[in-house]
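Participant: Have a look at this one.
The values are calculated or read from the model by the stated rules, or taken from the named source; none is laboratory data. From a predicted model like this one, the values you see are computed outputs, not experimental measurements. Counting neighbours? That spans all protein chains shown, and the Cβs are built from the backbone with ideal geometry, glycine included. For accessibility, only protein heavy atoms count, side chains too; no ligands or nucleic acids. Shrake-Rupley method; radii C 1.70, N 1.55, O 1.52, S 1.80 Å.
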Amino acid sequence: AWEHLKPGCQGDSCPLVNIDVISFPDHPQLSERVTQRLLRMTADAPDAPLPASLQSYEKDFLQRAEPGWASYLQAKVREQRDQWTIIELSSYLATGGAHGMPGRGLINYDRTLDKVLTLRDMLVPGQEAEFWKLAEQAHQRWLVANKLDQDPEYASTWPFQRTEHIALGRGALLLKYDVYSIAPYAGGHPELN
């Protein structure tokens with residue numbers, strides 16, 4: 001973990017980069033996947049090239065940063081049991097504007113197989129369509145629990161959609177959403193299970 005300010009800057013509005021990453025010496029493939037996913041979260045445009053390393057990202061960000069800019073990247077173990085490790089990735093990129101953009105991601109790792117698991121790996125073959133039907137029902141329950149079903153415009157403005165952020169939690173699959181996906185910015189990162 002480290003945090004660095006723009007070299008030579010003093011004061012409250014100094015640009016900064018804060019990185020908190022974990023490594024797995026017994027599973028170098030997982031360590032590399034964590035780093036690569038964090039690097040993907042640094043992109044501020046869809047076609048932006050990925051930095052070569054977290055250190056080069058920090059250097060480039062701080063060189064071009066203006067007062068008030070900040071970048072936070074974090075990886076932490078969300079859950080670990082038996083052969084499973086679930087890593088949660090977080091980012092926050094502030095480069096001007098009313099607020100920064102947060103990001104989230106999940107990695108499901110099977111330590112026995114030494115493999116990152118995809119949704120297809122977690123489901124019985126041929127059941128993906130059924131899974132998304134159940135996820136849509138979980139979305140409806142989430143709307144009701146948050147009293148969002150009472151606003152007729154909410155469902156049309158923020159309809160259910162699929163997410164790539166899925167974790168095999170204890171007893172249930174967790175779906176995590178980016179801001180602006182199924183809720184406005186103020187809704188944060190909604191979770192369905």
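Participant: Considering lysine pairs in the chain that are 8 or more places apart or on different chains, how many have Cα atoms under 26 Å apart?
Facilitator: Value for the chain: 9.
Participant: 7 Å from Cα along Cα→Cβ at both Val144 and Asp12: what's the point-to-point distance in nm?
Facilitator: For the pair Val144/Asp12, the computed spacing is 4.7 nm.
Participant: About its Cα centre, how strong a charge dipole does segment 20-64 have in debye, to the nearest 20, once Lys and Arg get +1 and Asp and Glu get -1 at the Cβ? Don't skip to the answer; put the middle values down first.
Facilitator: On the way: 5 positive and 7 negative charges, 10 e Å.
Dipole magnitude for segment 20-64 comes out near 40 debye.
Participant: Using a Förster distance of 35 angstrom, determine the FRET efficiency expected from the C-beta separation of Ile22 and Ala155, and round it to 0.05.
Facilitator: 0.35
Participant: Under 17 Å from a point placed 7 Å out from the Cα of Leu50 along the Cα-to-Cβ direction: which residues of segment 89-105 have their backbone N that close?
Facilitator: Under 17 Å, as judged by backbone N against the label point of Leu50, lie 89-91, 104-105 of segment 89-105.
Participant: Ok, one more. Whole percent per 10 Å bin, from 0 to the bin with the longest distance: what is P(r) over all C-alpha pairs of segment 151-193?
Facilitator: 29, 48, 20, 2
Participant: Averaged per residue, what accessible area in Å² does segment 37-193 show with a 1.4 Å probe, protein chains only? Display every interim value, and only then the final one.
Facilitator: On the way: 8700 Å² over 157 residues.
That works out to 55 Å² per residue.
Participant: Name the trypsin sites (Lys or Arg not before Pro) in segment 1-66 that are in a loop by DSSP and that have at most 14 other C-beta atoms within 10 Å, would you? Show your work: numbers first, answer last.
Facilitator: Details: sites: Arg33, Arg37, Arg40, Lys59, Arg64; in loops: none.
Counting only loop positions with at most 14 other Cβ atoms within 10 Å, none of the trypsin sites (Lys or Arg not before Pro) in segment 1-66 qualifies.
Participant: Give the Rg (one decimal place) followed by the Dmax (whole number) of segment 13-126, computed from C-alpha coordinates and expressed in Å.
Facilitator: 15.9, 53
Participant: On to the next question. Considering only protein heavy atoms and a 1.4 Å probe, what is the carbon-and-sulfur percentage of the accessible area of the chain?
Facilitator: Carbon plus sulfur share of accessible area: 50 percent.
Participant: Write out the chymotrypsin sites (Phe, Trp or Tyr not before Pro) in segment 88-193 meeting two conditions: DSSP loop, and at most 15 other Cβ atoms within 10 Å of their Cβ. Please list the in-between numbers first.
Facilitator: Working: sites: Tyr92, Tyr109, Phe131, Trp132, Trp142, Tyr154, Phe160, Tyr177, Tyr180, Tyr185; in loops: Phe160, Tyr177, Tyr180.
The qualifying sites are Tyr180.
Participant: Taking the Cα centre of segment 45-142 as the origin and placing charges on Cβ (Lys, Arg +1; Asp, Glu -1), which of Ser56, Ala45, Gly97 is farthest toward the positive end of the dipole?
Facilitator: Toward the positive end, the furthest listed residue is Gly97.
Participant: Here's something else I'd like to know. For segment 110-151, give the magnitude of the charge dipole about the Cα centre (Cβ charges: +1 Lys/Arg, -1 Asp/Glu; no others), in debye to the nearest 20.
Facilitator: Roughly 100 debye for segment 110-151.
Participant: Assuming R0 = 25 Å, what is the FRET efficiency of Gln29 and Met122, from their Cβ-Cβ distance, to the nearest 0.05?
Facilitator: 0.85
Participant: About the Cα centre, and with charges only on the beta carbon of Lys, Arg (+1) and Asp, Glu (-1), how big is the dipole of segment 5-88? Nearest 20 debye, please.
Facilitator: 40
Participant: Let me ask something else about it. Near Ala138, within a Cβ-to-Cβ distance under 15 Å, what is the net charge of the other residues, with Lys and Arg +1 and Asp and Glu -1? Please report the intermediate quantities before stating the final value.
Facilitator: On the way: positive: Lys133, Arg141, Arg162, Lys176; negative: Glu130, Glu136, Asp149, Glu191.
After counting each charged neighbour, the total is 0.
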